[in-house]
1. Taking region 351-398 as the region of interest, how many residues are of a type in the set (S, T, N, Q), under 23 Å from the mean Cα position of the chain (by Cα) and closer than 24 Å to Gly57 by Cα?
2. Looking only at region 124-143, which residues are of a type outside the set (A, V, I, L, M, F, W, C) and in contact with a Leu (Cβ under 7 Å, 6 or more places away or on another chain)?
3. Can you pull out the residues in region 19-46 that are under 22 Å from the mean Cα position of the chain (by Cα) and under 22 Å from Tyr350 (Cβ atoms)?
4. Identify the residue in region 244-255 that is touching a helix residue (DSSP H, G or I) at 6+ places or on another chain (Cβ under 7 Å) and assigned to a loop (DSSP other than H, G, I, E, B) and, among all such residues, is nearest to the ligand (Cβ to nearest atom).
5. Test Phe242 against the criterion of being closer than 29 Å to Gly293 by Cα, aromatic (Phe, Trp, Tyr) and within 16 Å of the chain's Cα centre (by Cα), and give yes or no.
6. Kindly establish whether Gly39 is more than 16 Å from the ligand (Cβ to nearest atom), in contact (Cβ under 8 Å) with a residue 12 or more places away in the chain and either surrounded by fewer than 14 Cβ atoms within 10 Å (Cβ to Cβ) or assigned to a strand (DSSP E or B) (or both).
7. What residue, among those in region 200-231 that are within 11 Å of the ligand (Cβ to nearest atom) and either part of a loop (DSSP other than H, G, I, E, B) or of a type outside the set (A, V, I, L, M) (or both), is surrounded by the most Cβ atoms within 10 Å (Cβ to Cβ)?
8. I'd like to check something: does region 189-199 contain any residue that is away from the ligand (no atom under 15 Å from the Cβ), over 28 Å from Leu87 (Cα atoms) and either surrounded by fewer than 24 Cβ atoms within 10 Å (Cβ to Cβ) or in contact (Cβ under 8 Å) with a residue 60 or more places away in the chain (or both)?
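Each value in this text was obtained by applying a stated rule to the coordinates, not by laboratory testing. Since we're looking at a predicted model, the values are computed, not measured. Neighbour counts run over all protein chains shown; Cβ positions are idealised from the backbone, glycine included.
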Amino acid sequence: MKTIDLNLETEQQLFFHNYARFPLEIEYGKGSFLYTTDGSRYLDMIAGIGVNAIGYGDPRLLKAITQQAGRYIHISNLFMQGPQFELASRLLEISGLSKVFFCNSGTEAIEAAIKLARRFAGQNGNIEKREVLSLSNCFHGRTYGAMSLTAKPKYVDGFEPLVPETGMIDFNNIDDLENKVSDRTAAVFVEFVQGEGGIHRVSEPFIARLKELAAQLGFLIVADEIQSGCGRTGTFFSYSQFDVQPDLVCAAKPLGGGLPLGAIIGTEKIAGVFAPGSHGTTFGGNPVACAAGLAMIDAIYADNLMEKAVETGKLIREGFEKLATKYRQILEIRQYGLMVGVTVDKEAKYYVEQALKKHVLINATSQNVIRLLPPLSIDRADAQLCIDTLDEIFSEEKP
Ligand SMILES: Cc1ncc(COP(=O)(O)O)c(C=O)c1O
């Protein structure tokens, strides 16, 4: 029996004020839709912030979860765990990389990568090589290391001091890259397509120069594929659309099929950095999450969801391009597979609120960017429904 009303008032009473939640009580999800307890249906163009790659209620995912939960839910990393071995092997097969470490979230994957990069530099006799850099406008997470790489006032205000020897290179600015990196640099972290930053793709010339400098100065290139990975941009990892092999790849969000799971995946060069006890986690690589992740990856390949993401993404882009000819509110459209960012002439929050009234869930990021991260499995008709709804909203605005 329900004892508490799920509304914004009780939310304020119960929780620290971290989140701006939708005032919806969700009963269940099916495909690309969420259903509320009052019987309404909402088209979900956010998919748990890029987590639910194959939509809600996929029977293959449910079967994998229930089967593994029936065997054991947790036994710890003191044991060999089948689903972990299976998922690790699948990730290595997909990426062509050498080693995996599992954790529970994106930010934990970033922490592991920072630690690995510094320890690698130290093991190679260079204890001065401590500096870890990222690109402006990036987002890498909320824990201290990841937050220090995400040094925008909004994320760090009141939490200083940050982790020392962290810094930022201007996004796509080759001069700044050349000025910032040195033989003290242990790693540069790159989102090949920035997510929270508003869907911006790093440039090919920037990556080409980064690659040259990494070889010359001996720092690691770390790809943050937490939002852009698992097929969302049309390839399993977005970096493979560039001429570069990162030393380390961070994955999370959809990796556990909706359950908490993160990973770092690295090259042979860095295979020996960690030793028993040097880094670890109680829950990392939870077997139920790994079984779910495997089922999700199998579904992505079986249903050709990467190809589908490219096609549906194109349909969404063309839809917005048409709208942009009618409405001055649309300033820019950026789309890579099913990572879509539309810059508008006001706070994007306005459109989130209007779309909610019309039962479509969209997201706002970077103040004036409408961000869409629908399930990769979304039907064309449902993607079109989102465009048509926004068409209506733009048309209803006073000139
Ligand atoms: C690119 C990127 N890196 C890291 C993170 C942090 O992941 P988590 O929220 O699982 O800690 C996010 C989350 O939005 C992300 O988009």
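1. At the first step, the residues of region 351-398 found to be of a type in the set (S, T, N, Q) are 354, 363, 365-368, 377, 384, 389, 395.
With under 23 Å from the mean Cα position of the chain (by Cα) added as a condition, the list becomes 363, 365-368, 377.
Right, trim to closer than 24 Å to Gly57 by Cα and you get 363, 377.
Qualifying residue count, region 351-398: 2.
2. Here is the first cut: in region 124-143, the residues of a type outside the set (A, V, I, L, M, F, W, C) are 124-126, 128-131, 134, 136-137, 140-143.
Across region 124-143, the qualifying residues are Ser134, His140.
3. If the condition is that a residue be under 22 Å from the mean Cα position of the chain (by Cα) and under 22 Å from Tyr350 (Cβ atoms), then Tyr19, Ala20, Arg21, Phe22, Leu34, Leu43, Asp44, Met45, Ile46 are the ones that fit.
4. Going through region 244-255, the residues touching a helix residue (DSSP H, G or I) at 6+ places or on another chain (Cβ under 7 Å) turn out to be 244, 246-255.
Checking the rest, the ones that are also assigned to a loop (DSSP other than H, G, I, E, B) come to 244, 246-247, 252.
Numbers: Val244: 17, Pro246: 14, Asp247: 17, Ala252: 5 Å.
Among residues in region 244-255 that are touching a helix residue (DSSP H, G or I) at 6+ places or on another chain (Cβ under 7 Å) and assigned to a loop (DSSP other than H, G, I, E, B), the one nearest to the ligand (Cβ to nearest atom) is Ala252.
5. Against the criterion (closer than 29 Å to Gly293 by Cα, aromatic (Phe, Trp, Tyr) and within 16 Å of the chain's Cα centre (by Cα)), Phe242 does not qualify.
6. Details: more than 16 Å from the ligand (Cβ to nearest atom): yes; in contact (Cβ under 8 Å) with a residue 12 or more places away in the chain: no; either surrounded by fewer than 14 Cβ atoms within 10 Å (Cβ to Cβ) or assigned to a strand (DSSP E or B) (or both): yes.
Taking the combined requirement at face value, the residue does not satisfy it.
7. Only one residue fits best here, namely Asp224.
8. Keep residues of region 189-199 that are away from the ligand (no atom under 15 Å from the Cβ), which gives none.
So far as region 189-199 goes, no, none of its residues is away from the ligand (no atom under 15 Å from the Cβ), over 28 Å from Leu87 (Cα atoms) and either surrounded by fewer than 24 Cβ atoms within 10 Å (Cβ to Cβ) or in contact (Cβ under 8 Å) with a residue 60 or more places away in the chain (or both).
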